[in-house]
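Below is the structure I would like to discuss, written out as structure tokens.
Read-outs: derived from the displayed coordinates by stated rules, not from any lab. Computed from a predicted model, the values in this text were never measured in an experiment. Cβ sites come from the backbone with ideal geometry, for glycine too, and all protein chains shown count toward neighbours.
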Amino acid sequence: MKGLPPVLITAIVLVVGFGLCAMQFPNIASTRVVGNLLTDNAFVGIVATGMTFVIISGGIDLSVGSVIGFTTVFVALAIERWGVPPLVAFVAILVLSAAFGAAMGAVIHVFDLPPFIVTLAGMFLARGASFLLSTESVPITAPVYSTVSDFALRMPGGGRLSAIAIIMLVILIGGILLLRLTRFGANVYALGGGRATASLMGVAVGKMTIKIYMLSSLLAGTAGIVFSFYTSAGYSLSAVGVELDSIAAVVIGGTLLTGGQGSVIGTFLGVLIQGMIQTYINFDGTLSSWWTKIATGILLFAFIALQQGLVALARRPVATRAGAAS
Amino acid sequence: MENSLGPAPPLLEVRGISKSFGAVRALQEVDFTLRAGEIHALLGENGAGKSTLIKVVTGVFPRDAGVVRLGGDEVAPRSAKAALEAGIATVYQEVNLLPNLSVAQNLFLDRQPMRFGIVREGEMRRRAEALLTEFGLDIDVAAPLGNYSVAIQHVTAIARAVDLSARVLILDEPTASLDRHEVEILFGIMRQLARRGIGIVFVSHFLDQVYEISDRITVLRNGRLVGERETASLPRLELIRMMLGRELAETTSARAAAGDRPPREVCASFENYGKAGYVAPFNLELRHGEVVGLAGLLGSGRTETARLVFGAERPDGGQARVEGAPVRLQSPRDGVRQGFGYCPEERKTDGIVAELTVRENIVLALQAKRGLHRPLSRREQDEIARRYVKMLDIRPPDPERPVGLLSGGNQQKALLARWLATAPRLLVLDEPTRGIDVGAHAEIIRLIRELCDDGLALLVISSELDEIVTYSDRVVVLRDRAHVEELAGEAIDVTNILAAIAAEGAAKEARA
Amino acid sequence: AELTVGFSQIGSESGWRAAETSVSKQEAAKRKVNLKIADAQQKQENQIKAIRSFIAQNVDAIFLAPVVSTGWDAVLKEAKEAKIPVVLLDRDIDPSGKDLYLTAVTSDSVHEGEVAGDWLAKTVGDKACNIVELQGTVGASVAANRKKGFDTAIAKHANLKIVRSQTGDFTRAKGKEVMESFIKAEGGGKNICAVYAHNDDMMVGAIQAMKEAGLKPGKDILTVSIDAVPDIFKAMVAGEANATVELTPNMAGPAFDAVAAFKEKGTVPPKWIQTESRLLTATDNPQKEYDSKKGLGY
Amino acid sequence: MTMLLPRRGLAQILALIVILAVDRVVSPQFFDLRLQDGRLFGSLIDVLNRGTPVALLSLGMVLVIATRGIDLSVGAVMAICGAIAASLADSHGLPVVLAAALGAGLVCGLWNGFLVAVLGMQPIVATLILMVAGRGIAQLITEGRIVTFSSPDLVWLGNGAILGVPVPIAIALGMLILTGAVVRGSALGLLIEATGGNARASELAGVGTRAMILAVYVWCGVCASLAGVIAAADIMGADANNAGLWLELDAILAVVIGGTSLFGGRFSLVLAVLGALIIQTMNTGILLSGYPPEFNLLVKAVVVLAVLLLQSPKLSGFAGIMAPLRRAKP
Ligand SMILES: Nc1ncnc2c1ncn2[C@@H]1O[C@H](COP(=O)(O)OP(=O)(O)OP(=O)(O)O)[C@@H](O)[C@H]1O
Ligand SMILES: Nc1ncnc2c1ncn2[C@@H]1O[C@H](COP(=O)(O)OP(=O)(O)OP(=O)(O)O)[C@@H](O)[C@H]1O
Ligand SMILES: [Mg+2]
Ligand SMILES: [Mg+2]
């Protein structure tokens, strides 16, 4: 309402950052790199969309990385070892992961436990379960996989908008609509504003909690399928640490961890900012392992500081204007 | 009143409700009857169990025993949602809306107008505007509710409940933060609803309002039912006796006129003090042994003045002096160091630390003032806590209870105790009597006078003009975030204050 | 023209990995190759991103040290389309991708396990021997292979038996912790005749655990591990370690040569350039090994 | 009063006893103790010794969490300080080494505190920055190698013993007592709890909430640096790549098992340390059990959930047991 909305500021930060990177490495400003950015971050984008709902509702979901790992292993084994048709395997894993999320939501609500810890246990559980399925990585050779990974819309300039990037964009738009336009979305914000209050106002807090974690896990499952397309394999150690990446993306996107505020678009921008940091470091190519980490940290700090500075700036002029009026 | 003893079952019937929180028996075998079309006041001291009764009836708390019948059928709502669905709409005591959502979303949460599974945003806003217009509010319903003052939030909560109420409307202290005008509007709407056959439960500590609006009165004391009466046949003194279980030691409302007393020394003074966009620069002198009242409409800048004076807000110009010496007030810590105290109006968010005990809440400011390295020993803490629990009659008198579990009025007393414990030279009280029962109300006013006699300087904000008139030596009237008038001595009366407040319209017309 | 090579390195999870990176840089400098190293911080997705950005930058060749054996088809196909040769370093990828890379310079980690197992079998003779095993990270292919190789080697000897096996995550601290619990669980270490660790770092930790329990590693309990990092030779010099299997950190050298030959003369190298898995024991002049290795950035 | 007092801590103690009993079942010699080279030796000692880093981390973490914060960087800070200690150990005396390492921890804590208290960043992202960059800094110091040292002083910190008690355990105990004395002996505890319970209200009551927040992050950094030094001393080397990896999650878990809410407010140092011991008792039990490592995480997940359910306000075993007693009273 006052000055620039945070999402716009994040967008400005992204564009400015992109411009700076492109000045140093002109190759970055190509549709190829942009296409890669979307493809490479597709699964993070999908997971972060679900994470946005969870965080706006005042929760957190640490299990998503493990759910991705489990999904890839499950899908790979189902298709390659158990001879299940890919589509059936997808449906099965989506049902399974939704049930897993629902169970976490139910535990959080019924026993009144902190989401951080319940989903941490969920993280151990899903990762542990994927070890039990297989500790080896299992290649997937089903023809769907090569079809899907070969599919891409050519963009002018040689860039490829791959199938998984398209899936991510579709989910993203779905997420935006779900959060902005539906009763469910309004209730997510309500929960983040205060669970007790929302409950007094007649929101079915328990059901909402279950649905929100279900959504998050469902999207993590979807991200797992996308990840399996991305790598054509199932591997129990895949996507370790993705929960932190997606939480960071959500927060960089302007969503408050305390809940109640935020947007899916912001999250998407956050994902892109992180992807860009990575791309920049890859293009540079001179950084050792440690400088990579340090540079990532510094860039993360720079982006967040810049964003906060802009937000503070955007607030200030209004106060003085109002002051002048009085 | 029409169908006083008809054969039809009462609209809402509560029988033998009991409810304990651990060792505290909040309700014991309470009965309550609400008829269709009546406005029924539920009264009692702070902590009597009014809010608890309401929450038990609406299923927020599970009950230990008893039955609730709605239109003759037994109901057992297990959540606020279920109660809503059964036709009972409630405004709970704390403003229970979501500050992060827009006003419109708050009004229509979980019942938004939909089309094809999508919320019809425009339609919702239109309806929200229409609904609020009935309450005399003309605000941007798309803005987050948190942007608005408590009063507006409260009106919104009431509007939501009114719009929801199918059969029963329960209002727990709805008028605590409303001014006269808004109360009138609310009462108009309540009467209209009652005429439509809706039963209304009304909780308030303002007895005038109770007599004005209610048909019948039920009184609780210490979690027990004291009695149920027709309002018309219940004398006020009798009502107070029912509530307190004793006579109210009548505090004389006769003001000791300022002129009678020798001029006092200035405790703190503010010159050209102000903050752009917040409060226009003002001059203010606060003297030892003097109460300065701040009067004005909602949003006129009273709270802002208080925050500036205390140091909770940084001024962008002007000079503050304490005992003549220039000081800088940049943070609450500065204020505390100067011997100031400040009871904020928003008790829940700015006042109490809900999780900590009454004792810890009471010693907090004193401890902060003394600094880290000089901790109050447990014995000192106990002693201070016990002293103020007794002095202010905080109930239950258990200093080790988390303060969040106290009733609203008792939380207010704990806050007051927090500042009294620091032995301040200047105390700023923002709506100190909000939500406080008659007994305690009288007590607090007596206390204000006493503190004043002990040489304390007081700056008090209250929306109740009668009250301000009772204790103030001077009254500063605010309008549109500026100090517009100062009344002193004989000039202080309700009419004059109202005139100063209302001069706004006149001034505007003159300018035009 | 000078060659530009992009190297997608896994990360720096261990001393050996750090040595590989620094040796690669040395080898590149020797050959005046412009080497761009992208560190993936242990994540496959980062490696894929890195390869994509190498393609976007049109490098002359890509080196890939794959964090996992599967999942490279798509990105390697892109490299192929862009006509950029790819060389795998130190780990192979899944068979389906054979035509997607030029060559693989790797050791055979199953073989490494076998070498370790054979040494133990030979050293123990036909005494009964209870072995405890410190596994690498659960799910890591190297760990699985080194276990497989070792299991195959001792399967031929009924007197050798693995009594306990836990993961030490390839780290010293966990190696020590796990060994401590093995000692407690196996009668204060008296029932243990040998330790097999999937890497030297865990063994270094295990050696400390044994010493603290009053046992004499290398004498009371035999040790065999893999990698040949400098510190294990230090332990050998002190008589506290018995054997290690070398995994050379110089994978890039042969790879550069293969790429150069391919670029200049079109020579197609063999699909697999296998590095040697040398067995090194206390009799192989550990002090000299230590001195030669300690400057390599382990 | 009767409502709160007896319940605090009972659930944790019960959980610890149950897990110890299970450990005894999987490993009959679990409670055996003997003296080895003047140092107590046995599985119980392992639990305490291995639990030390997480216990130290949880001492700092519990204060941070009490102010409604969280510190994800502790693992990285451990790595930095371990690296510093290891690289200085053979050239400088123990006081210098310790001062440098603890000083680095303090600076890290200041940085986090600055981001949270002064710049107003959300704690989880603010500390995420150091979590990512910090490990890089540690690797920069060691250049990715494992820096070994042989300074007997520093080694003593990891492997020595005081009256038979391993030094790390003594240090952790000392830190618990020191932190307890500082926090509860001064008004710090109350002010931290007030800040975490309601920062706005505390600020208005004159509490220097920023200073409180800064202080807890600094203390958390110091605790992490001690943990890092001990971890390095333990393996006589600084493993910048792996030291403290993922331990932030264990520390947070310990704090929560210790009954401190992630929403700030009331905290308990002793119970947080107890939480760390519960986690380590479980870990050691897993190692002793002889199950294949594929099961480790599953066991951990189940135990964590069970311990938490035990404490759940809705399902508290104790509330259930005591409710009838309470009702029986007139
Ligand atoms: N959630 C709770 N847990 C424990 N005790 C509670 C809880 N809620 C209320 N109580 C106790 O129950 C008693 C009744 O409180 P209640 O809020 O119903 O009073 P009230 O009549 O509404 O007072 P007020 O006029 O101050 O709002 C008080 O002693 C209070 O401390
Ligand atoms: N239109 C508005 N937009 C945004 N914030 C508002 C608006 N009106 C009031 N507020 C905020 O609401 C709070 C309460 O209003 P304010 O302090 O001005 O009222 P007041 O004169 O103190 O009256 P009262 O204390 O009875 O509410 C303040 O923090 C103020 O900044
Ligand atoms: Mg009440
Ligand atoms: Mg106000």
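How far apart, in nanometres, would the label points at C:ALA29 and B:THR495 be if each is projected 7 angstrom from Cα along the Cα-to-Cβ direction?
Taking the simple label geometry, C:ALA29 and B:THR495 are separated by 9.8 nm.
In terms of modelled amide H atoms, which long-range or inter-chain residues lie less than 5 Å from the amide H of B:VAL91?
B:ILE170, B:LEU171, B:ASP172
OK, next. Quick one: net charge of D:ALA100's neighbours, Cβ under 15 Å, K/R +1, D/E -1?
-2
Report the one residue of B:PRO424, C:GLY149, A:LEU256 whose Cα lies farthest in the direction of the positive end of the charge dipole of the protein assembly as shown (charges on C-beta: Lys and Arg +1, Asp and Glu -1; origin at the Cα centre).
C:GLY149
Then there is this: Can you compute the FRET efficiency between C:THR152 and B:ARG328 using 1/(1 + (r/R0)^6), with r the Cβ-Cβ distance and R0 = 56 Å? Round to the nearest 0.05.
E between C:THR152 and B:ARG328, to the nearest 0.05, is 0.10.
Across region A:153-220, how large is the tail of the calculated P(r) beyond 18 Å, expressed as a percent of all Cα pairs?
When every Cα pair of region A:153-220 is considered, 51 percent fall beyond 18 Å.
Something else: Measuring from label point to label point, each 7 Å out along Cα→Cβ, what is the B:MET114 to B:ARG379 span in nm?
It is 6.6 nm.
So if I place +1 on the C-beta of Lys and Arg and -1 on the C-beta of Asp and Glu, and nothing else carries charge, what would the dipole magnitude of chain C be about its Cα centre? I want it in debye, nearest 20. Walk me through the numbers before you get to the answer.
On the way: 38 positive and 39 negative charges, 22 e Å.
Approximately 100 debye in magnitude.
For D:VAL118 and D:LEU178, calculate 0.36 nm times their separation in residues minus their Cα-Cα distance, and state this gained length in nm to one decimal.
The span from D:VAL118 to D:LEU178 would gain 18.9 nm if fully extended.
Sticking with this one: Assign one of three labels to region B:74-183, namely rounded, prolate or oblate, based on the Cα gyration tensor with a ≥ b ≥ c the square roots of its eigenvalues; rounded applies when a/c is under 1.5, prolate when it is not and a/b is larger than b/c, and oblate otherwise.
Numbers: a/c = 1.77, a/b = 1.05, b/c = 1.69.
Here region B:74-183 falls in the oblate category.
Neighbour counts of other C-beta atoms within 10 Å: give me A:THR292, A:THR72, A:THR135, D:THR67 arranged from fewest to most.
A:THR135, A:THR292, D:THR67, A:THR72
In nm, to one decimal, how far is the modelled label at D:SER186 from the one at A:ALA312, with both set 7 Å along Cα→Cβ?
Distance between label points: 2.7 nm.
How high is the relative contact order of chain D? Use alpha-carbon pairs under 8 Å, at least six apart in sequence, and give a whole percent.
Relative contact order here is 33 percent.
Based on C-alpha coordinates, I'd like the Rg and Dmax of region D:77-226, in Å.
17.6, 53
If Lys and Arg each add +1 and Asp and Glu each add -1, what is the summed charge of the other residues whose beta carbon sits under 13 Å from the beta carbon of B:GLU230?
-1
What size of dipole, in debye to the nearest 20, comes out for the protein assembly as shown about its Cα centre when the only charges are +1 on Lys and Arg C-beta atoms and -1 on Asp and Glu C-beta atoms?
Details: 136 positive and 134 negative charges, 173 e Å.
Magnitude of the dipole: close to 820 debye.
If you put +1 on each Lys and Arg Cβ and -1 on each Asp and Glu Cβ, how big is the dipole of region A:1-136 around its Cα centre, in Debye rounded to 20?
On the way: 4 positive and 5 negative charges, 48 e Å.
It comes to approximately 240 debye.
Separate question: How big is the antiparallel share of DSSP beta bridges in the protein assembly as shown, given as a percent to the nearest 5?
Antiparallel bridges make up about 45 percent of those DSSP assigns within the protein assembly as shown.
Taking a cut-off of 16 Å between Cα atoms, list the aspartates and glutamates near C:LYS234, but don't count ones fewer than 8 places away on the same chain.
C:LYS234 reaches C:ASP200, C:ASP201, C:GLU246, C:ASP284, C:GLU289, C:ASP291.
Still on this model: For peptide B:74-86, compute the average count of partner chain beta-carbon atoms within 10 Å of each residue's beta-carbon.
Working: counts 0, 0, 0, 0, 0, 7, 10, 10, 2, 2, 3, 1, 0.
Mean shielding by partner chains, rounded to a whole number: 3.
Per-residue Cβ counts within 10 Å, from other chains only, averaged over D:117-125: what number is that?
Mean partner-chain Cβ count within 10 Å for D:117-125: 4.
So, one more: With an 8 Å Cα cut-off and a minimum separation of 6 or more residues, compute the relative contact order for chain C in percent.
Computed over chain C, the figure is 18 percent.
Can you compute 3J(HN,Hα) from phi for each residue in region D:119-136, using the Karplus curve 6.51 cos²θ - 1.76 cosθ + 1.60 with θ = phi - 60°, rounded to whole Hz and x for Gly and Pro?
My calculation for region D:119-136 gives 7, x, 6, 5, x, 5, 7, 4, 7, 4, 4, 6, 4, 6, 6, x, 5, x Hz in order.
Counting only other residues whose beta carbon sits under 13 Å from that of D:THR148, what net charge do I get with K and R as +1, D and E as -1?
Taking every other residue near D:THR148 into account, the sum is -2.
Ok, one more. Does region A:4-315 come out rounded, prolate or oblate by the C-alpha gyration tensor, with a ≥ b ≥ c the root eigenvalues, rounded set by a/c under 1.5 and, if not, prolate when a/b is larger than b/c and oblate if not?
Numbers: a/c = 1.70, a/b = 1.04, b/c = 1.63.
Oblate, since a/c reaches 1.5 and b/c is not below a/b.
How would region A:1-95 be classified by its alpha-carbon gyration tensor: rounded, prolate or oblate, with rounded meaning a/c under 1.5 and the a/b versus b/c comparison settling the rest?
On the way: a/c = 3.67, a/b = 1.62, b/c = 2.27.
Verdict is oblate for region A:1-95.
In addition: Could you put D:ILE65, A:ILE281 in order, starting from the residue whose Cβ has the fewest other Cβ atoms within 10 Å? Display every interim value, and only then the final one.
Details: D:ILE65 29, A:ILE281 23.
Final ranking by Cβ density, sparse to dense: A:ILE281, D:ILE65.
Averaged over peptide B:364-376, how many Cβ atoms belonging to another chain are found within 10 Å of each residue's Cβ? All intermediate terms of the calculation are to be shown ahead of the outcome.
Details: counts 11, 6, 3, 8, 11, 3, 1, 4, 10, 4, 2, 8, 2.
The shielding value for this peptide is 6.
Give the long-range amide H neighbours of A:GLY234: residues separated by 5 or more places, or on another chain, with amide H under 5 Å away, using H modelled in the peptide plane at 1.01 Å from N.
The list, which skips near neighbours in sequence, is A:VAL138, A:ILE140.
If the limit is 24 Å between Cα atoms, which of C:LYS184/C:LYS216; C:LYS25/C:LYS49; C:LYS271/C:LYS293 go over it?
C:LYS271/C:LYS293
Follow-up question, since we're still on this one. How high is the relative contact order of chain B, given as a whole-number percent (alpha carbon pairs under 8 Å, six or more residues apart)?
Values: 1005 pairs, mean separation 78.1, N = 512.
Relative contact order, chain B: 15 percent.
Would any residue of region C:69-105 have its amide N under 18 Å from a label point 7 Å out along Cα→Cβ of A:PHE151? List them or say none.
Counting backbone N atoms under 18 Å from the label point, the list is C:74-75.
Here is a further query. Report the extension gain between B:ARG446 and B:ARG196 in nm, rounded to one decimal, defined as 0.36 nm multiplied by the number of residues separating them, less their alpha carbon distance.
Numbers: separation 250, 0.36 × 250 = 90.00 nm, distance 4.29 nm.
That works out to 85.7 nm of additional length.
Applying the Karplus parametrisation 6.51 cos²θ - 1.76 cosθ + 1.60 with θ = phi - 60° to the phi angles of region D:16-31, what ³J(HN,Hα) value in whole Hz is obtained for each residue in order, glycine and proline being reported as x?
For region D:16-31, the Karplus-derived couplings read 4, 4, 4, 5, 4, 4, 4, 4, 4, 5, 6, 9, x, 8, 4, 8 Hz, x marking Gly and Pro.
Express in nm, to one decimal, how much length is gained between A:TRP82 and A:THR258 on full extension, taking 0.36 nm for each residue of separation and deducting their alpha carbon distance.
59.0 nm
Of B:LEU456, B:GLY324, B:VAL24, which is farthest along the charge dipole of chain B in the positive direction, counting Lys and Arg as +1 and Asp and Glu as -1 at C-beta?
B:VAL24
Regarding the protein assembly as shown, what whole-number volume in Å³ per residue does the convex hull of its Cα atoms give?
Spelled out: Cα convex hull of the protein assembly as shown, divided by residues, is 193 Å³.
Can you tell which of D:LEU130, D:VAL22, A:SER289 lies farthest toward the positive end of the dipole of the protein assembly as shown, using +1 and -1 charges on the Cβ of basic and acidic side chains (Lys, Arg; Asp, Glu)?
The listed residue farthest towards the positive side: D:VAL22.
Residue by residue through region B:390-400, which ³J(HN,Hα) values in whole Hz follow from phi under the Karplus form 6.51 cos²θ - 1.76 cosθ + 1.60 (θ = phi - 60°), with glycine and proline marked x?
6, 4, 9, 6, 6, 10, x, x, 10, x, 9
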